[in-house]
Structure formats: C-alpha cells, structure tokens
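Here is the structure we will look at, set down as structure tokens.
The values are calculated or read from the model by the stated rules, or taken from the named source; none is laboratory data. Fair warning: this is a prediction, and the values are worked out from it, not measured in the lab. Heads up, the Cβs are rebuilt from the backbone with ideal geometry, glycines too, and the neighbour counts pull from every protein chain shown. Just the protein is used for accessible areas: all its heavy atoms, side chains included, with ligands, DNA and RNA removed. Shrake-Rupley method; radii C 1.70, N 1.55, O 1.52, S 1.80 Å.
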Amino acid sequence: MLTVRVRFAPSPTGSLHIGGARTALFNWLFARRQGGVFVLRLEDTDTGRNIEEAVTQIQSSLRWLGLDWDEGPDRGGPYGPYRQSERFELYRKEAQRLLENGHAYWCYCTPEELARQREEARKRGEVPRYDRRCCELDEATRRAKEVAGIRPALRVRMPRTGTTVVRDLIRGEVSFDNSTLDDIIIQKSNGGPTYNFACVVDDAAMNITHVIRAEEHLSNTPKQIVLYQLLGYDLPEFAHVPMILAPDRSKLSKRHGATAVEEFRTDGFLPEAIVNYLALLGWSPGDEREQMTLEEIQSLFTLDAVSKHAAIYDVRKLTWLNAQYLNSLPLPRVVEAVLPFMQEAGYVSRDPSAAEVDYLSRVVEAVRSRIHTLVELRDAATYFFRSDYEYEEKGVRKHFSKPGVIDILARGCEALAGVAEDRFTVEETEKAYRQVIERLGIPGGALIHPTRLALSGRTVGPGLFDIIATLGKEECLARIDRAIDWIESFVLSGAKMNKPF
C-alpha cells in the first residue's frame with residue numbers, strides 16, 4: 001500500500017504565522033491519521049530575505065504546538081537535504097533536462113523590457129504575459145547579449161490552448177484556461193530556482209503523495225501540473241485549504257490581534273488551545289464539540305470535512321477557548337505552563353524547590369478559574385508573592401473608610417489567630433469568620449470585603465477563604481495588621497489614601 005507522505009515547506013523569512021501553523025497542522029493530522037510521514041522542508045532559496053533565526057523559531061513553534069516531523073533539516077531522512085538552498089544542483093540538472101528537451105528557452109529580456117510588455121498588454125485589454133520574443137533567438141544574437149553582460153533567465157513553454165484541470169480533494173475539479181498561463185521562469189538569471197520549479201522538483205524527489213496547502217497557492221497549481229508533466233513526474237494529490245480572514249472578511253493582519261505563534265506563546269496562550277482553535281478554522285468534527293485534544297482531533301480528521309469557504313479568525317473565541325483549557329487541564333500541566341512567566345517576574349526561582357512548586361500549585365488552583373491567559377494568571381497572582389501592593393482606591397473608599405472597620409478587621413484577625421496552624425484550611429477559616437459575623441451581627445460583606453482588600457490590595461479575585469488558606473496563617477495575620485495600621489495612618493488622618501504601606 002502507498003505510504004502517505006506530506007510536507008510543510010515554510011520560507012524562513014519570519015515567524016511562523018497563524019495561517020502557516022494551520023497548514024502545518026492539517027498536514028500533520030492527515031499524515032498521522034493515515035499512518036504516513038510528515039516532512040519539514042525549508043524553502044530558503046530567497047537568500048536576500050532569509051533569516052537564520054527564523055529557522056530556529058519556526059521549528060520551536062512547531063514543537064511547542066506538538067507537531068513533530070519525521071524528516072527535516074535537523075532530523076535528516078532518505079530524501080535530504082531538506083533545505084532548498086542545499087539542493088541547487090538537482091534544480092540545475094532538471095532545468096537542463098527541460099532545456100535539452102525543447103521545453104525551456106533562455107530569456108534575455110531586462111526587467112524594464114518586461115515591464116513595458118506588461119503595460120502594453122494592459123493597454124490592449126489583454127492578460128499580461130510574456131510575448132516569447134526570446135523563444136526563437138539565434139545563437140549569434142544570444143551570444144551577443146551575453147557578451148553585453150546580460151544574464152538570461154530560463155523560461156518554460158506553457159501550453160497556449162486547451163485547459164489544465166486541478167483535481168482538488170477539497171474543491172473538486174477546478175479548470176484553468178491554458179491561454180492565461182504565462183511562460184514562467186524556472187531558473188533566475190543568478191542561477192537560482194523559482195518557487196514553482198523548486199517546489200515541483202522537491203515534491204517529486206521526496207515522493208510527496210499529497211500537497212496540502214493554503215488556497216492562495218491554487219493559482220500556482222496549473223503551472224506546477226504542467227511542470228510535472230513535462231518532467232515526467234507522477235502527480236500528487238492536491239488539497240487547498242480555505243483562507244483565514246479577519247472578522248470583517250478583510251485580509252488578516254496585526255491589527256486583528258496576534259498572528260504569529262510566537263506572539264501567542266508570549267501572550268500566555270496554551271498550545272492545546274491554539275491547536276484546537278486552528279483545527280476549527282476550516283474543519284469540523286461533524287458535531288457541536290469545540291474543545292478537543294490533539295489526539296481527539298487526529299482521530300477524527302479527514303480532508304472531506306474541510307470547508308471550501310474562508311475561515312473567520314476571531315481572537316476573542318481563541319481567548320475564550322484558552323480560558324476553558326486553563327480551567328480544565330490537570331493542575332500540574334497549568335503549573336508547568338505558567339512557571340516560566342512566574343520565574344520571569346521573579347516570583348519563583350529558576351530552580352524551584354518542591355515547596356515553591358507546591359505553593360505555586362495552590363496559587364494556580366485558587367486563581368485559574370477567573371483568567372483567560374497565563375499572563376493574566378501571573379498578574380492575578382501577584383499578591384500571593386508580594387506584599388508591597390497598593391490598595392485599590394475604590395476599595396479604600398468603599399471598605400476601609402467605613403466606621404468601625406478597624407475593629408471588624410481586628411476581630412477577624414483574632415479569629416484567624418485562633419485557628420490551629422495544621423487546620424488553617426478553607427473550611428476552618430470560613431467557619432471562624434462566620435462565627436465573628438454572627439457574633440457581631442453584621443452583614444458578611446462588612447468583614448469579608450475589607451479582609452480581601454487587606455490581603456490582596458484588590459476588591460475582586462478568588463474566594464476569600466481560598467486566598468486565606470493559600471497565604472497561610474502567619475502571612476494573613478501580618479497583612480491584616482498592616483492594613484489596620486495603614487487605615488489608622490492614612491484614612492483616619494485624611495492623608496493620601498493610595499500610598500502603599
């Protein structure tokens with residue numbers, strides 16, 4: 001049985017874009033579902049735009065998303081090398097074969113001449129294409145141009161009659177009138193291959209069975225099919241996945257939110273959420289499920305279920321999905337994900353002890369149900385690691401300025417002090433506070449709200465008793481005492497309210 005072989009072939013000119021990541025994911029899912037091979041190939045022939053750092057970043061982003069490859073620049077394989085910049089000899093050999101077979105010819109036209117040709121065609125109301133003026137040049141003319149220092153490019157004779165049909169696994173049959181096809185350049189004047197040519201040669205040489213790529217490449221496909229035929233290669237199956245558009249159906253750009261995988265990683269998104277969201281951009285599991293693991297998606301993925309219509313990118317939906325994962329993933333996984341953010345903020349050491357990890361786990365469990373990203377989680381947890389916070393002004397006005405608040409806080413502090421260290425839990429501390437509330441005959445909020453402000457500097461957050469149990473007895477008593485001193489010094493004296501104690 002034929003082994004499925006697919007490839008993801010990014011150009012290392014920048015970070016892995018969200019659209020590229022979706023293409024890589026669909027290829028990976030198809031290969032894994034079919035028991036096939038996923039190849040990573042770098043299309044780095046554009047030396048003027050290549051960024052070596054981008055190679056590392058692309059690979060890092062793919063690994064972070066959980067998309068491993070079977071063959072590639074760093075892994076090798078039977079069809080290497082996997083960088084196009086290291087395959088020039090193969091391209092030259094195949095280009096020479098087309099030249100010798102009469103399918104290609106040297107073109108000596110300068111960029112200025114080509115621009116004039118295009119402009120003249122537009123004025124005539126024609127589709128701009130090369131007029132083949134170099135197709136039948138005699139040897140003397142060619143030699144004269146080379147002596148004059150003109151370095152030619154190599155063009156392929158495209159058919160001018162009939163149609164080329166693309167049989168697409170997603171879109172069905174798409175016909176292209178050959179009269180619209182231009183004689184494309186396959187080898188530039190500097191000797192380097194063009195995208196369409198190198199892509200075809202590599203896909204054939206690497207035995208790629210299915211070319212799964214973005215819809216914008218569909219217009220390249222008839223040209224590539226002609227090259228396959230002229231070179232005597234077997235055609236792969238083609239599948240062009242839908243474009244990703246902004247909510248207003250315009251081209252996706254930075255103004256619509258982060259668009260590079262590395263940005264999402266920096267902004268505190270989980271790879272589980274990114275992969276889940278990308279899968280739903282143009283594919284459906286066939287039911288109403290929205291949250292799925294990579295393994296679940298893999299078990300369900302088929303090209304038949306990929307839509308022909310553009311997918312709409314909505315960062316709000318992604319953010320919502322990320323929150324679902326933060327709240328539902330096993331606690332150790334969320335702790336692992338947020339740890340670098342906590343270390344960068346200085347809340348956790350670079351080589352954390354078991355006690356630090358345990359404390360961080362309790363903090364994460366306390367706050368994760370209310371946040372959307374790991375950055376939000378870090379920020380929401382600040383007061384668990386620092387006590388030099390300011391009190392929110394609105395909280396001070398609403399809770400610290402009320403008559404009798406110092407006495408109420410002091411009673412709460414006494415109650416907490418009476419709870420044994422080994423019983424300082426959510427249940428026991430809440431029980432102690434409820435007794436104070438009942439004994440004083442006050443509304444629960446009269447004690448709970450100022451205590452929350454004293455312990456966190458904030459008016460909203462996790463349940464108060466989750467905060468109390470997580471901070472621990474000694475820290476809670478110290479923070480309430482400091483709040484009482486602060487109220488006496490700054491509120492009752494009429495001094496500036498928001499000065500940190």
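Stretched out fully, how many nm does the piece from Ala354 to Glu438 gain, at 0.36 nm a residue minus the Cα gap?
26.3 nm is the gain from fully extending Ala354 to Glu438.
What full-extension length gain, to one decimal in nm, is calculated for Asp68 and Ala214 as 0.36 nm per residue of separation minus the Cα-Cα distance?
50.6 nm
Could you give the accessible area per residue of the chain, probe 1.4 Å, as a whole number in Å²?
Dividing the accessible area of the chain by its residue count gives 47 Å².
Could you work out the relative contact order of the chain? I mean the mean sequence separation of Cα pairs under 8 Å and 6+ apart, divided by the number of residues, in percent.
12
Once Rg and Dmax of the Cα atoms in Å is worked out from the coordinates, which option in [x] 23.6, 72; [y] 30.8, 94; [z] 32.2, 110 does it equal?
[z]
Can you give the helix-only mean residue ellipticity at 222 nm for the chain, where every DSSP H stretch with n ≥ 4 adds -39500 (n - 2.57) and the sum goes over all residues, rounded to the nearest 500 deg cm²/dmol?
So the calculated ellipticity at 222 nm is -14000 deg cm²/dmol.
Using 1/(1 + (r/R0)^6) with R0 = 45 angstrom and r between the beta carbons of Ala144 and Thr47, what's the FRET efficiency to the nearest 0.05?
0.90
In whole percent, how big is the carbon plus sulfur part of the accessible area of segment 2-57, probe 1.4 Å, protein atoms only?
So the carbon and sulfur contribution to the accessible surface is 47 percent.
Per-residue accessible area for Val39 at 1.4 Å probe radius, Å² rounded to 10?
Roll a 1.4 Å probe over it and Val39 shows about 0 Å².
How far apart, in nm, are the 7 Å Cα→Cβ label points at Glu474 and Glu365?
My value for the distance between the label points is 2.2 nm.
Just the number, please: carbon plus sulfur as a percent of the accessible area of segment 66-113, 1.4 Å probe, no ligands or DNA/RNA counted.
47
In percent, how large is the relative contact order of segment 381-498, given Cα pairs closer than 8 Å and 6 or more residues apart?
Worked out over segment 381-498, it gives 39 percent.
Expected output is a single nm value to one decimal: the length gained when fully extending between Asp314 and Gln117, i.e. 0.36 nm times separation in residues minus the C-alpha distance. What is it?
Result: 66.6 nm gained on full extension.
Can you tally the net charge around Gly444? Count Lys and Arg as +1, Asp and Glu as -1, for every other residue whose Cβ sits under 14 Å from the Cβ of Gly444.
Local charge sum for Gly444: +3.
Packing-wise, with mean Cβ within 10 Å as the measure, how do 437-448, 260-271 rank, highest first?
In descending order of packing, they fall as 260-271, 437-448.
Taking R0 as 56 Å, what FRET efficiency do you get between Glu336 and Arg132 from their Cβ-Cβ distance, rounded to the nearest 0.05?
0.35
Tell me, what % of the accessible area of segment 178-223 is carbon and sulfur with a 1.4 angstrom probe?
C and S atoms contribute 46 percent here.
Relative contact order for segment 247-373: what is it in percent, counting Cα pairs under 8 Å that are at least 6 residues apart?
Relative contact order here is 30 percent.
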